[in-house]
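To start, the structure itself, in structure tokens.
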Amino acid sequence: MRLVCTNKQRRSSVMVSTAGRAGFTLTELLIVMAILVLLVSMIGPRLLGSKQKADINSVKTQIGMFQSALERFAVDMNRFPASEEGLMALVSEPSGDGGASAEGEDSGATAGGSGSSWDGPYLKTETLPRDPWGNAYSYEYPPTHNGLDLPDIWSFGPDGQENTDDDIVSWTGDGSGSGASDE
């Protein structure tokens, strides 16, 4: 019987000592916070760099998507959309002749200027996508930046300013480069 009493006493003393230590000390919390800050300072810049690369790759992909859609538009309409029509011609039927080129004027499909051979929308969205920074894509046809008879498409890049080093353009071949130096 004496053995049972000591076990009860031991249990109660263990319960008292664990009940007295219910939380963390300020020192322990500060050490954990310092470790977290250190980890974030080491990993944070790498994650931000990956985000920028992903945004730039997204713009390159969207420019490629626009180029493919513009090629389908040109097959149907026998011309590319004029600068005034812009990329909107890919999601809604252009009105009028839209500045048909000399090649397009000889075609019976565009001679009336009604755009009746438009077989769009050429994008799977009802509205034009914006770049990852919330800006609209720029479009120009006839082109002024490339020697080919293909439209110029570009994004102003992260800074939102035209003709800076971070512009992402279609006329360099790889979808990157500055619009300022390629003119």
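A few points about this structure:
- So G160, is it closer than 29 Å to K51 by Cα, surrounded by 13 or more Cβ atoms within 10 Å (Cβ to Cβ) and at pLDDT below 75: no
- Residues of segment 58-88 classified as of a type in the set (A, V, I, L, M, F, W, C) and under 20 Å from the mean Cα position of the chain (by Cα), total: 8
- Subset tally (residues that are in contact with a helix residue (DSSP H, G or I) (Cβ under 9 Å, 6 or more places away or on another chain) and aliphatic (A, V, I, L, M)) for segment 34-73: 2
- When residues of segment 64-86 are limited to those that are modelled with pLDDT of 90 or more and in contact with a strand residue (DSSP E or B) (Cβ under 9 Å, 6 or more places away or on another chain), the one surrounded by the fewest Cβ atoms within 10 Å (Cβ to Cβ): Q67
- Pairs are defined by a Cβ separation below 7 Å, a sequence spacing of at least 6 or placement on different chains, a first member in segment 58-74 that is under 13 Å from P121 (Cα atoms), and a second member that is β-branched (V, I, T) and crowded, with 16+ Cβ neighbours inside 10 Å; the pairs so defined are F66/I153.
- Conditions (1) of a type in the set (A, V, I, L, M, F, W, C); (2) modelled with pLDDT of 90 or more; (3) assigned to a loop (DSSP other than H, G, I, E, B); number of the one not met by A100: (2)
Rundown of residues vs (1) out of contact with any strand residue (DSSP E or B) (no Cβ under 6 Å at 6 or more places or on another chain); (2) of a type in the set (D, E, K, R); (3) modelled with pLDDT of 55 or more; (4) within 30 Å of A136 (Cβ to Cβ), yes/no style:
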{"position": "G20", "(1), (2), (3), (4)": "yes, no, yes, no"}
{"position": "L39", "(1), (2), (3), (4)": "yes, no, yes, no"}
{"position": "G44", "(1), (2), (3), (4)": "yes, no, yes, no"}
{"position": "A54", "(1), (2), (3), (4)": "yes, no, yes, yes"}
{"position": "V59", "(1), (2), (3), (4)": "no, no, yes, yes"}
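The values are calculated or read from the model by the stated rules, or taken from the named source; none is laboratory data. Computed from a prediction, not measured in an experiment: that's the story for all the values here. Glycine also receives a Cβ, built like all others from the backbone with ideal geometry; neighbour counts cover every protein chain displayed.
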